[in-house]
2 protein chains.
Amino acid sequence: MAGNTKERLLDSSGELFRRQGYMGTGVKQILAEAGAPFGSLYHHFPGGKSDLGAETVRRSGFLYGLLLGEFAGPEVELAGGIRAFFAGAAGTLRETDYADACPIATVALEVSSSDEEMRQACADVFNAWIEGGTARFELAGIPHARARTLVIQMLAALEGAFVLSRALRSTEPVELAGEASVASIEAALAA
Amino acid sequence: MAGNTKERLLDSSGELFRRQGYMGTGVKQILAEAGAPFGSLYHHFPGGKSDLGAETVRRSGFLYGLLLGEFAGPEVELAGGIRAFFAGAAGTLRETDYADACPIATVALEVSSSDEEMRQACADVFNAWIEGGTARFELAGIPHARARTLVIQMLAALEGAFVLSRALRSTEPVELAGEASVASIEAALAA
DNA sequence: CTTTCACTAGAGCGATCTATCTAGTTTCCC
DNA sequence: GGGAAACTAGATAGATCGCTCTAGTGAAAG
């Protein structure tokens with residue numbers, strides 16, 4: 001095997017955690033998906049599953065933040081970018097049979113009252129999203145405090161819509177959450 | 001033991017699933033919390049853990065819907081009731097050290113791509129909340145389609161805010177989601 | 001060529017998981 | 001009181017869990 005075993009482990013665990021959560025994913029399943037033996041896991045992640053879990057959360061969260069930035073970066077108009085991002089999220093849900101939504105939300109809910117290290121990893125990711133989003137909204141001319149409020153409301157709408165859409169097997173909640181978020185942004189820009 | 005063992009089992013599993021999810025809660029833990037032996041569980045729930053899980057989701061979801069109805073029932077003004085409900089949810093989070101949020105969201109994310117029976121139970125609960133909420137919003141004078149949209153957006157905001165608030169250990173997301181929901185409702189009532 | 005070290009490989013361990021099984025107790029109807 | 005049904009009780013089975021351990025491989029350094 002080439003020297004990309006660690007990345008394959010992170011890719012596999014990221015995908016599995018996103019769909020079935022942390023508790024619902026066994027180490028053996030991650031190893032099978034990555035095509036790696038036990039030895040490799042405990043070489044790259046001495047702390048075992050929780051070590052891999054924390055790093056997976058940080059990495060998957062970072063990548064998802066990048067994705068958001070690609071849709072709504074400074075080079076595109078803000079409201080249109082956000083609209084496209086929600087539409088893309090709805091499309092991904094449809095294409096993956098409602099499996100792929102937020103990569104860390106399931107884990108966040110599972111661990112936030114029982115595993116402080118992993119809860120902190122999730123909190124760091126959410127804070128990074130909030131700060132990155134706030135900066136982008138400010139760039140569009142929205143004052144700092146209002147920008148931060150709007151971003152938190154948008155992220156809440158997105159995360160909650162993912163919960164509803166996956167359970168209901170319908171993209172309607174994601175689409176409606178996108179509409180509400182876009183409307184709030186347009187109102188803030190018009191003010 | 002009196003004849004309330006089944007209820008104690010449902011109460012215990014409801015509380016544990018809310019905090020740690022379905023996969024993160026063991027049968028033994030539920031039994032210990034309820035003070036019941038294995039035999040009682042498999043007598044009342046022949047299908048075992050998944051049987052108990054599905055019934056817990058339906059029951060907890062129903063009770064949470066009742067709670068929402070108590071805050072924002074027909075006898076109070078709609079926007080004020082919703083505001084009070086979000087404030088209450090924030091208070092509960094604070095009082096329980098950010099443990100008690102939505103009783104079924106964690107389970108919904110965990111099972112919606114792997115256990116069809118439980119996913120359906122979650123979907124039934126969400127649909128009941130949407131229908132109940134839509135009826136209440138219509139009663140306040142909001143047209144059906146708009147009412148339904150607003151309710152879905154409000155539930156998404158609530159669920160997502162719970163994810164953020166628990167991970168960040170802050171009530172800010174829930175409070176901001178409440179403000180956004182109340183503002184949308186007031187705008188619809190003014191139209 | 002040899003030593004070294006990062007990494008692969010997987011057998012096997014103890015703990016824990018859900019579920020079953022038999023036995024005992026309580027309740028209620030006749 | 002007698003008997004059936006509902007329920008409690010917990011030991012135990014069998015599978016699976018995360019993890020440790022030793023051995024082996026490949027490439028780079030000296």
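So the values come out like this:
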| item | result |
| --- | --- |
| Test: A:Glu15 is more than 14 Å from chain B (Cβ to nearest Cβ) and more than 9 Å from DNA strand D (Cβ to nearest atom) | no |
| Which listed residue is more than 7 Å from every other protein chain (Cβ to nearest Cβ) and closer than 15 Å to B:Arg166 by Cβ, from A:Val111, A:Val163 | A:Val111 |
| Criterion (more than 18 Å from A:Arg18 (Cβ to Cβ), in contact with a Phe, Trp or Tyr (Cβ under 8 Å, 6 or more places away or on another chain), touching a residue at least 60 places away in the same chain (Cβ under 8 Å) and crowded, with 16+ Cβ neighbours inside 10 Å) met by exactly one of A:Ile82, A:Ile104 | A:Ile82 |
| Which numbered condition B:Gly39 fails, given (1) in contact with a helix residue (DSSP H, G or I) (Cβ under 6 Å, 6 or more places away or on another chain); (2) within 8 Å of DNA strand C (Cβ to nearest atom); (3) over 19 Å from B:Val107 (Cβ atoms) | (1) |
| Residue match in segment B:110-128 (condition: in contact with a Lys or Arg (Cβ under 8 Å, 6 or more places away or on another chain), within 15 Å of B:Pro173 (Cα to Cα) and not in a helix (DSSP H, G or I)) | no |
| Qualifying residues in segment B:114-141 (those that are more than 26 Å from B:Glu15 (Cα to Cα) and not small (Gly, Ala, Ser)) - the one farthest from the other protein chains (Cβ to nearest Cβ) | B:Leu139 |
| Some residue of segment B:37-47 being under 19 Å from B:Arg119 (Cα atoms) and within 14 Å of another protein chain (Cβ to nearest Cβ) | no |
| Residue within segment A:142-159 that is more than 8 Å from every other protein chain (Cβ to nearest Cβ), assigned to a loop (DSSP other than H, G, I, E, B), out of contact with any Ser or Thr (no Cβ under 8 Å at 6 or more places or on another chain) and within 26 Å of B:Ser170 (Cβ to Cβ) present | yes |
| Residue check, A:Gly21 within 13 Å of DNA strand D (Cβ to nearest atom), within 14 Å of chain B (Cβ to nearest Cβ) and buried (at least 21 other Cβ atoms within 10 Å of the Cβ) | yes |
| Which listed residue, of B:Leu10, B:Leu63, B:Leu67, is open to solvent by 70 Å² or more (accessible area, probe 1.4 Å) and within 19 Å of B:Val125 (Cβ to Cβ) | B:Leu63 |
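The values are calculated or read from the model by the stated rules, or taken from the named source; none is laboratory data. Keep in mind that this is a model prediction, so the values were computed, not measured. Positions of Cβ are backbone-derived with ideal geometry, glycine not excepted, and every protein chain shown enters the neighbour counts. Note: accessible area is taken over every heavy atom of the protein model, side chains too, but ligands, DNA and RNA are not part of it. Shrake-Rupley method; radii C 1.70, N 1.55, O 1.52, S 1.80 Å.
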